[in-house]
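Student: Quick one: this structure, given as structure tokens, is what I'll be asking you about.
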Amino acid sequence: MSSPDAEKLRARARASWAAGDWDGFSALITPVGELVLERAALAPGIRLLDVGTGSGGNVAIPAALRGAQVTGSDITPELFVHARRRAQEAGVEVEWVEADAQELPFADASFERVISTFGAMFAPSHARTAAELVRVCAPGGRIVMTTWVTDGFAGELFKLTGSFMPPPPAGAEPPPLWGVTEHIEETFAKVGARPAIARETVAFDAPSVAAVVARYADDFGPFVVLRGVIEPQGRWQGFLEAFAALVGRFNRAADGSASIGADYLVITVDR
């Protein structure tokens, strides 16, 4: 049974990802979903679970289009409105299930493929999350998980937002730990799994640095929630200026546009 602290963390996460426009914003990581499905080695009829599916556009629905039997789970059921619309438009069947990555409501060995693109990494207990991903994956199956690296754009963004927010509750492991190879290996080793880890990059392109800042401010749920906390304190503008500086630091374009290289890890576990 979940503790009051666990329920509070779950409610906070749900509110964060329900804010903004994740359905539109998630298009930034479409290339990651494509790469993950290649690494998953899908075949028609394979049972696939997409943990932290969001609105389903990056993994769940593309996997169903390739013939997989797909279940998409997420802690934020508000996103399933968009997911169901997307699935209907694509002409595929996907089962959408509200679920915490730390307490997946599925039997052991239910899926041949277990996928999570920047979803499971946000669960507060990393060991429990890894154990659940392994538990629901059938022998001979494969887990593919992506996480943001600690020394890249997203890792620096975690540091920036953390400097403007109160510290997380005691016992909650921070998401950036999933960007450290040693932590990943140790976490999966505890549940008897050996991960293969590869580093990749996805580009976030926009007309300008200002356009990147505006899109995050308007559409990215954690930013929308952060604004509600710090704007009454007079700190929102300072945060935006610090974020613009961060985007500028990682901008690879030299023509006035923006092209942010965001490094991430692809974690593969064969059962």
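The values are calculated or read from the model by the stated rules, or taken from the named source; none is laboratory data. All values reported here derive from a predicted model rather than from experimental measurement. Here the Cβ positions follow ideal geometry from the backbone for every residue, glycine too, while neighbour counts run over all protein chains shown.
Student: Of all residues in the range 40-62, which are on the phi < 0 side of the Ramachandran plot, of a type outside the set (Lys, Arg) and in contact with a strand residue (DSSP E or B) (Cβ under 8 Å, 6 or more places away or on another chain)?
Tutor: ALA40, LEU42, ILE46, LEU48, LEU49, ASP50, VAL51, THR53, ASN58, VAL59, ALA60, ILE61
Student: Also, I was wondering about something else. Find the residue count for the range 143-168, including only residues that are of a type outside the set (A, V, I, L, M, F, W, C), assigned to a strand (DSSP E or B) and out of contact with any Gly (no Cβ under 8 Å at 6 or more places or on another chain).
Tutor: 1
Student: Identify, from the list ALA211, ALA253, the residue that is farther than 16 Å from THR161 by Cβ, part of a helix (DSSP H, G or I) and in contact with a strand residue (DSSP E or B) (Cβ under 9 Å, 6 or more places away or on another chain).
Tutor: Numbers: ALA253 fails: part of a helix (DSSP H, G or I).
Going through ALA211, ALA253 in turn, the sole match is ALA211.
Student: Looking only at the range 38-59, which residues are in contact (Cβ under 8 Å) with a residue 40 or more places away in the chain and either in a strand (DSSP E or B) or over 19 Å from LEU79 (Cα atoms) (or both)?
Tutor: Selection gives ARG39, ALA40, ALA41, LEU42, ILE46, ARG47, LEU48, LEU49, ASP50, VAL51.
Student: Among the residues in the range 243-261, are any acidic (Asp, Glu) and within 21 Å of the chain's Cα centre (by Cα)?
Tutor: Scanning the range 243-261 turns up no residue that is acidic (Asp, Glu) and within 21 Å of the chain's Cα centre (by Cα).
Student: Looking only at the range 178-189, which residues are touching a residue at least 24 places away in the same chain (Cβ under 8 Å) and either part of a loop (DSSP other than H, G, I, E, B) or surrounded by fewer than 16 Cβ atoms within 10 Å (Cβ to Cβ) (or both)?
Tutor: Answer for the range 178-189, where residues must be touching a residue at least 24 places away in the same chain (Cβ under 8 Å) and either part of a loop (DSSP other than H, G, I, E, B) or surrounded by fewer than 16 Cβ atoms within 10 Å (Cβ to Cβ) (or both): VAL180, THR181.
Student: OK, next. Determine the pairs where a residue that is without any contact (Cβ under 8 Å) to a residue 24 or more places away in the chain, located within the range 212-239, has a partner that is of a type outside the set (Lys, Arg) and surrounded by fewer than 18 Cβ atoms within 10 Å (Cβ to Cβ) with Cβ atoms under 6 Å apart, the partner being 6 or more residues away or on another chain.
Tutor: As it stands, the answer is TRP236/ILE230, since those pairs meet every condition given.
Student: I'm trying to understand the selection: among the residues of the range 43-89, which are at pLDDT 95 or above, farther than 21 Å from ASP219 by Cβ and exposed (fewer than 15 other Cβ atoms within 10 Å of the Cβ)?
Tutor: Result: PRO44, GLY45, LEU65, GLY67, GLN88.
Student: Let me ask something else about it. Given the options GLY228, GLY171, GLY140, name the one that is farther than 18 Å from GLY52 by Cβ, assigned to a helix (DSSP H, G or I) and among the small types (Gly, Ala, Ser).
Tutor: GLY228
Student: Which one is surrounded by the fewest Cβ atoms within 10 Å (Cβ to Cβ) among residues in the range 103-161 that are touching an Asp or Glu at 6+ places or on another chain (Cβ under 6 Å) and hydrophobic (A, V, I, L, M, F, W, C)?
Tutor: My answer is ALA138.
Student: Okay, next question. Among the residues of the range 11-38, write down those that are surrounded by fewer than 18 Cβ atoms within 10 Å (Cβ to Cβ) and charged (D, E, K, R).
Tutor: Hits for the range 11-38 are ARG12, ASP21, GLU34, GLU38.
Student: What number of residues within the range 15-37 satisfy the criterion of being free of Cβ contacts under 8 Å to residues at least 40 places away in the same chain and touching a Ser or Thr at 6+ places or on another chain (Cβ under 8 Å)?
Tutor: 1
Student: Search the range 190-210 for residues that are closer than 23 Å to ALA40 by Cβ and pair each with any residue that is among the hydroxyl-bearing types (Ser, Thr, Tyr) and modelled with pLDDT of 95 or more when their beta-carbon atoms are under 7 Å apart and the residues are at least 6 apart or on different chains.
Tutor: Taking only residues 6 or more apart or on different chains, the pairs are PRO195/THR268; ALA196/THR268; ILE197/THR181; GLU200/TYR264; VAL202/TYR264; ALA203/SER259.
Student: For the range 85-136, which positions are under 22 Å from GLN69 (Cβ atoms), assigned to a helix (DSSP H, G or I) and under 19 Å from the mean Cα position of the chain (by Cα)?
Tutor: Answer for the range 85-136, where residues must be under 22 Å from GLN69 (Cβ atoms), assigned to a helix (DSSP H, G or I) and under 19 Å from the mean Cα position of the chain (by Cα): ARG86, ALA120, GLU132, LEU133, VAL134.
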